[in-house]
Amino acid sequence: MLEDLFSIVKSRATGAATAQSAGDGHVSVPADLMFKCPRCQKMEFMENFTLSGKVCPSCNYHSRLTARERLEITADPTSFSEYDAALKSVNPIDFPGYPEKLAQLRAATGLEEAIITGECAIEGSRCVIGVMDSHFMMASMGSVVGEKITRAFEKATEKKLPVVMFTASGGARMQEGIISLMQMAKTSGAVSRHDDSGGLYITVLTDPTTGGVAASFAALGDIIIAEPKVLIGFAGRRVIENTIRQRLPDDFQSAEFFLSHGFVDMIVERSAMRKTLGRLLRFHERGDRP
Amino acid sequence: MSNPLTAWERIELIRNKNRPTARDYIPMIFEHFIEMHGDRCYGDDEAIIGGIGRIARVPVTIIAHVKGRNLEENKKTNFAMPHPEGYRKALRLMKQAEKFGRPVICLVDTPGAYCGIGAEERGQHEAIAKNLMEMMRLKTPILTIVLGEGGSGGALGLAVCDELAMLQNATYSVISPRGFASILWKDASREKEAANLIRITAEDLKEFGICDAIIPEPVGGAHRNPALAAEAISGYVRQAIPNFIQKPIDNLLQTRYIKFRKVGAFSET
């Protein structure tokens, strides 16, 4: 699964107008003209798909947004101010090609790293927000992602603000070796302190939330929301299929799968997300607003 | 105590079927070990064992990944790859240790948390995440010793601690070298090259400030003289415990938080 994710991201990040074949006919169409749903495989004109908020009109799969797009549809206009925009990744294990890969992704995505954090209002309620962007190295968690999340929780704790975290990730950033694994403990520690202080933490699981991110701060929300049809899970699908030597059902590791197994509070449509978050934040406000 | 072995040679050494497991070490290190079972939720995972024992007259809670020494044992312990109920049992026993003021000693030796249908259905991700969060604020000292393989999140689920020690030939990594080569290079056969590249040895982790102490092994590895290896581990635990049980809890938790908080490499300009 990770391999699939990486190849998808790579093709997007390099800006290659990769042709997608429709069925067996080998009809090539520019990737930015048509959207092919990875869940139901149906093709749709990109324009219709974009107008529907990047939700598949056929199966309701909520596809990946950029962090900027997510902030746009989530935060109240002009309310967002960014934290820690200057944090940059380095190459802690001297992994060959890592700095070049980062440079390439920065240029292709306009992002410095795989997450944007900051403060905003949602339907009038102030909160600290984090949005991961799967277009940047599948939003894998290295030092910068871990540090930004940790600082976001620490600021929220200090300012007595709730945290809303839109998660997406292929897992730990392997290019940073063991240091990336430690970000799981570090971010979970920051969540525990926010929790100890009585702060609210809402997680929104978006496509895909897997590996070390699923197994750390993404699973620790007081309230866990998922978008419809998104992929959630600890292990990659192919890894499991190789381990057990059988094909997995299609809905395995979907938002719906984890809702039915008790690991998600609710599935919320993209069009209703902002209102839902606003209402949840208001319920937990410590002032006297109704 | 320089170690002439490459990372790959150490991986081969710790995969030696005669390398002592937690089942071998526990009776040699702790007195009167009493094992406890079950997560009180779903089942009992034999990939992680836990219980109470004594060392230097101090009662401690011991939690350990267990590799099997033969196929029969490995069937029971699932090659030390835990399911969620293993992590939940571990957390239950840690909470028990917290209640009764016992230090927790975790022995890590796993290729990783199990990847399978049941593990996903029962929330492998949630079980590990919960352990990370709760261990970070557990109000009793935690010492973790990596005996052999420290495999990714499956190892970390027992490795949020006040002090991390590694046996001289133990490894600790974000992903197995094989997985690394397979994902990043699309070629699993380059695992040896990956092993030597991705910085997984005790010395590497010490350099990163993640591992605090390296416990020497007998010449040729722990399997050459398990009793001597056990003695070294025992010696480490005996000298480490007093440093932690005397610390005020707030101080202990703050130091634990900082131990992980400071790990990360980035620039900020």
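Throughout, read-outs are computed from the coordinates displayed, never taken from laboratory work. None of the values given here were measured: they were computed from a predicted structure. Here Cβ is always computed from backbone atoms with ideal geometry, including for glycine, and neighbour counts include all displayed protein chains.
Nearest 0.05, what FRET efficiency do B:Gln246 and B:Glu207 give at R0 = 41 Å with Cβ-Cβ as r?
Once the sixth-power term is evaluated, E becomes 0.90.
In segment B:126-230, which chymotrypsin sites (Phe, Trp or Tyr not before Pro) fall in coil by DSSP and have 15 or fewer other Cβ atoms within 10 Å?
Those that pass, being in a loop and sparsely packed, are B:Trp185.
Mind listing the long-range amide H neighbours of B:Gly38? Cut-off is under 5 Å, sequence gap 5 or more, other chains count too, H placed in the peptide plane at 1.01 Å from N.
B:Asp45
Please average, across the residues of B:194-206, the number of beta carbons from any other chain that are within 10 Å of each residue's own beta carbon, and give a whole number.
2
Would you work out if segment B:7-260 is rounded, prolate or oblate? Take a ≥ b ≥ c from the square roots of the eigenvalues of the alpha-carbon gyration tensor; rounded if a/c is under 1.5, else prolate when a/b is larger than b/c, oblate otherwise.
Verdict is rounded for segment B:7-260.
What ranking of A:His62, A:His284 emerges when the number of other C-beta atoms within 10 Å of each C-beta is taken as an exposure proxy, fewest first?
Ordered from fewest to most neighbouring Cβ atoms within 10 Å, A:His62, A:His284 come out as A:His284, A:His62.
Could you grab the relative contact order for segment A:138-246? Cα pairs under 8 Å, six or more apart, rounded to a whole percent.
Taking the mean separation of contacting Cα pairs over the length of segment A:138-246, I get 29 percent.
Just to be sure I understand the model, the point goes 7 Å from the Cα along the line to the Cβ. What's the resulting B:Arg238 to B:Asn196 distance in nm?
Distance between the two pseudo-spin positions: 4.0 nm.
Go ahead and estimate [θ] at 222 nm for chain A from helices alone: -39,500 (n - 2.57) per DSSP H run with n ≥ 4, summed, over the residue count, rounded to 500.
After summing the helix terms and dividing by the residues of chain A, the value is -11000 deg cm²/dmol.
Could you tell me which chymotrypsin sites (Phe, Trp or Tyr not before Pro) in segment A:194-290 are loop residues by DSSP with no more than 16 other beta carbons within 10 angstrom of their beta carbon?
Answer by residue number: A:Phe252.
Determine one quarter of the surface area of the Cα convex hull of the protein assembly as shown, which equals its mean projected area, and express it in nm² to one decimal.
25.6
Tell me the relative contact order for segment B:7-260 as a rounded percent, counting alpha carbon contacts under 8 Å between residues six or more apart.
In percent, rounded to a whole number, it is 18.
Starting from segment A:130-179, pick out the trypsin sites (Lys or Arg not before Pro) whose DSSP state is loop and whose Cβ has at most 14 other Cβ atoms within 10 Å.
A:Lys160
By how many nm would the segment from B:Val58 to B:Asn225 grow when fully extended, if each residue of separation counts as 0.36 nm and the alpha-carbon distance is taken off?
Taking 0.36 nm per residue and subtracting the Cα distance, the gain is 57.5 nm.
Tell me, what is the percent relative contact order of segment B:25-119, built from C-alpha pairs under 8 Å that lie six or more residues apart?
In percent, rounded to a whole number, it is 29.
Using a 7 Å offset from the Cα along the Cα-to-Cβ direction at both B:Leu71 and A:Ala272, what is the distance between the two label points in nm, to one decimal?
5.4
Scan chain B and note any complete DSSP helix (H) whose C-alpha atoms cover at least 20 Å along its axis and whose Kyte-Doolittle average is -0.5 or more.
TM-like helix candidates: B:226-245.
Among residues other than A:Thr150 whose Cβ falls under 11 Å from its Cβ, what is the net charge (Lys/Arg +1, Asp/Glu -1)?
In short, +4.
Count the net charge of all other residues whose Cβ sits under 12 Å from the Cβ of B:Gly43, scoring Lys and Arg as +1 and Asp and Glu as -1.
Summing Lys and Arg as +1 and Asp and Glu as -1 gives -1.
What FRET efficiency would be calculated for the residue pair A:Leu248, A:Thr78, taking the C-beta separation as r and a Förster radius of 41 Å, to the nearest 0.05?
That pair, A:Leu248 with A:Thr78, gives E of 0.35.
When Cβ neighbours within 10 Å are restricted to other protein chains, what is their mean count per residue of peptide A:231-240?
Other-chain Cβ atoms within 10 Å of each residue's Cβ, averaged: 5.
Work out how much length A:Met46 to A:Asp32 would gain on full extension: take 0.36 nm times their residue separation and subtract the Cα-Cα distance, in nm to one decimal.
4.4 nm
Can you tell me which of B:20-26, A:188-194, B:44-50 comes out highest on packing, and rank the rest after it, using the mean Cβ neighbours within 10 Å?
Highest mean packing first, the order is A:188-194, B:44-50, B:20-26.
Would you please give the residues with an amide H less than 5 Å from that of B:Arg69, counting only those at least 5 places away or on a separate chain, with H modeled from the backbone geometry?
When sequence neighbours closer than 5 places are left aside, the close amide H contacts are B:Asn74.
Give the peptides B:5-13, A:37-45 in descending order of average Cβ contacts within 10 Å, highest first.
Result, highest mean Cβ count within 10 Å first: B:5-13, A:37-45.
Go through B:126-134, B:218-226, B:56-64 and give me the packing order, highest mean Cβ count within 10 Å leading.
B:126-134, B:56-64, B:218-226
Residue by residue through segment B:46-55, which ³J(HN,Hα) values in whole Hz follow from phi under the Karplus form 6.51 cos²θ - 1.76 cosθ + 1.60 (θ = phi - 60°), with glycine and proline marked x?
Per-residue couplings from phi come out as 7, 6, 10, 10, x, x, 10, x, 10, 9 Hz.
For B:Phe33, project a label point 7 Å along Cα to C-beta. Then give me every residue of segment B:198-231 with its amide nitrogen under 20 Å of that point.
So the set is B:215-218, B:222-231.
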